[in-house]
2 protein chains.
Amino acid sequence: MKAKVYISYKEGILDPQGKTVGGALDSMGIQGIEDLRIGKYVEIDFGNISKQKAEEITDESCRKLLANPNTETYHFELED
Amino acid sequence: MKAKVYISYKEGILDPQGKTVGGALDSMGIQGIEDLRIGKYVEIDFGNISKQKAEEITDESCRKLLANPNTETYHFELED
């Protein structure tokens, strides 16, 4: 079982890294980007456990460590 | 048009941040994780452009700035 976790800033939270990278792309001549935001992408490998157990572990990991509840949101997908 | 870009380390490249976070979760009592790897998740907003144009811009951005071609791989999805 595997989890793919996507963590991004909440709406309204400034993302200075994303703004900087967006500006850099523009100054490199890559036009057409209106907004760019950078978050985290976490891949978790579990052994041979149930989908329900993997969901519990992933959610607990996000709540307790991976995501900052004040500024970030997360969602995840599970796959075999 | 919007792009969601996922950047992760190539197989065989050490991910010290992922290892550290995996160890931290274990020491917090969250058991069952065999491996954890941390990458980047980039959301790009385009204006009203074609899917083909968005694909070109996203791929060029990844090749030229977002991903390190020596150590990272990327893939992306486009959506309206």
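The values are calculated or read from the model by the stated rules, or taken from the named source; none is laboratory data. Everything quoted here is computed from the prediction, not taken from an experiment. Note that we place each Cβ from the backbone using ideal geometry, even for glycine, and neighbour counts take in every protein chain shown.
Below is a table of values for the structure above.
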{"read-out": "Failed item, numbered, when B:Gln17 is tested on (1) in a helix (DSSP H, G or I); (2) within 21 Å of A:Val21 (Cα to Cα); (3) within 11 Å of chain A (Cβ to nearest Cβ); (4) not hydroxyl-bearing (Ser, Thr, Tyr)", "value": "(2)"}
{"read-out": "Some residue of the stretch B:66-77 being surrounded by fewer than 20 Cβ atoms within 10 Å (Cβ to Cβ) and within 9 Å of another protein chain (Cβ to nearest Cβ)", "value": "no"}
{"read-out": "Test for A:Ile33: is it farther than 24 Å from B:Pro16 by Cβ and at the interface with chain B (Cβ under 7 Å from one of its Cβ atoms)", "value": "yes"}
{"read-out": "Residue among B:Ile57, B:Ile7, B:Ile38 that alone is within 17 Å of A:Val21 (Cα to Cα) and assigned to a strand (DSSP E or B)", "value": "B:Ile7"}
{"read-out": "Of all residues in the stretch B:31-50 being of a type in the set (D, E, K, R) and free of Cβ contacts under 8 Å to residues at least 24 places away in the same chain, the one that is nearest to B:Tyr74 (Cα to Cα)", "value": "B:Asp35"}
{"read-out": "Every pair of residues 6+ apart whose Cβ atoms lie under 6 Å, when the first sits in the stretch A:1-30 and is touching a residue at least 40 places away in the same chain (Cβ under 8 Å) while the second is acidic (Asp, Glu) and in a loop (DSSP other than H, G, I, E, B)", "value": "A:Tyr9/A:Asp15"}
{"read-out": "Flag if A:Asp59 is more than 8 Å from chain B (Cβ to nearest Cβ) and either over 14 Å from the mean Cα position of the chain (by Cα) or at pLDDT below 95 (or both)", "value": "no"}
